[in-house]
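Here's the structure, in structure tokens; my notes come after.
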Amino acid sequence: MKYLLVMGLVLVVFWIWRHNREAERDAAAAARPPAPPQRETAVTEIVACEVCGVHLPKSEALIGNRGIYCSDAHRRQAGGQGL
């Protein structure tokens, strides 16, 4: 009977200890600031000028009949007049 009483007491103490740990963990999670939202990064395609080989975003490049250029002067120099 004595062992049963000791075993019951140990189980109650263990249950109280575990319950308190879960409550502390929940309180710490609630106190933490929320994670910042994930930003989606836009992927920009990079192209090279046909004349000088400089790399630039495709959105800033000039497209001619014979390729992609970094400036209007290079587009005219290469003979790629049209758009």
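Observations on the structure shown:
- Residues being under 24 Å from the mean Cα position of the chain (by Cα) and among the hydrophobic types (A, V, I, L, M, F, W, C) - total across region 57-83: 0
- Top-ranked residue in region 1-52 [being surrounded by fewer than 10 Cβ atoms within 10 Å (Cβ to Cβ) and of a type in the set (Ser, Thr, Tyr); ranked as modelled with the highest pLDDT]: TYR3
- Exactly one residue among ALA48, ALA23 is small (Gly, Ala, Ser) and in contact with a strand residue (DSSP E or B) (Cβ under 8 Å, 6 or more places away or on another chain), and that residue is ALA48.
- Residues in region 64-83 that are closer than 26 Å to ALA42 by Cβ, modelled with pLDDT under 90 and either of a type in the set (A, V, I, L, M, F, W, C) or surrounded by fewer than 14 Cβ atoms within 10 Å (Cβ to Cβ) (or both): LEU83 alone.
- Strands (runs of 3 or more DSSP E) wholly inside the chain that include at least 3 residues being among the aliphatic types (A, V, I, L, M): 46-48
The values are calculated or read from the model by the stated rules, or taken from the named source; none is laboratory data. Note that the structure is predicted; figures quoted are calculated from it, not measured. So basically every Cβ, Gly included, is an ideal-geometry build from the backbone, and we count neighbours across all protein chains shown.
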